[in-house]
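The structure appears below as structure tokens.
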Amino acid sequence: MNTTAAIAEDLVTSLDEQTARLLGARCRDCGVYSFPKRLGCAYCSSANLETAELSRRGTLWTWTSQSFRPPSPPYLGPECPTEDFAPIYVGYVELPNQCRVISRLLVNDPEELQIGMELELALFEFRQDAEGGSVVSYGFRPAR
């Protein structure tokens, strides 16, 4: 049976790419948002946090490329020789009035990336589990 699951529990609201939102936290005492969810506020140290659905759109704050396969473990993506690893792009996406999220940027060409550009949340198959089901992660792509 092929099933689909998120790479981590409580990461997204659903696996429907049209409606999915990242799940972060908002401190009830100071109002600061964070992602991923945490047990305490990084700003005021309060433990009074609530789950918060984050914006699906944001702007690219900064980015970089990674031209080598991460070490395994902890990386659990497709195995390939290091020399065959295709560069990936990662960046901080600033979600309006919330927080900055570090994310994979779902582009193949760095010429497509410009600081300040509008991005939108997207889901993608990160790997397959032992039973052949999809394990889904999140990324951001240029907004349509």
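The values are calculated or read from the model by the stated rules, or taken from the named source; none is laboratory data. Predicted model, so just to flag it, every value in this text is computed and none were measured. Cβ placement follows ideal geometry from the backbone for every residue including glycine, while neighbour counts extend to all protein chains displayed. For accessibility, only protein heavy atoms count, side chains too; no ligands or nucleic acids. Shrake-Rupley method; radii C 1.70, N 1.55, O 1.52, S 1.80 Å.
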Q66, sole failed condition from (1) under 29 Å from M117 (Cβ atoms); (2) modelled with pLDDT under 95; (3) over 16 Å from the mean Cα position of the chain (by Cα) = (3)
Might you let me know whether the stretch 70-88 holds any residue that is at pLDDT 90 or above and in a strand (DSSP E or B)?
-> no
May I ask you to list the residues in the stretch 12-47 that are out of contact with any Cys (no Cβ under 7 Å at 6 or more places or on another chain), farther than 24 Å from S137 by Cα and hydrophobic (A, V, I, L, M, F, W, C)?
-> A42, A47
In the stretch 6-57, what count of residues is obtained for those that are open to solvent by 50 Å² or more (accessible area, probe 1.4 Å) and in a strand (DSSP E or B)?
-> 6
Looking at the stretch 92-144, which of its residues are under 11 Å from the mean Cα position of the chain (by Cα) and not in a strand (DSSP E or B)?
-> L106
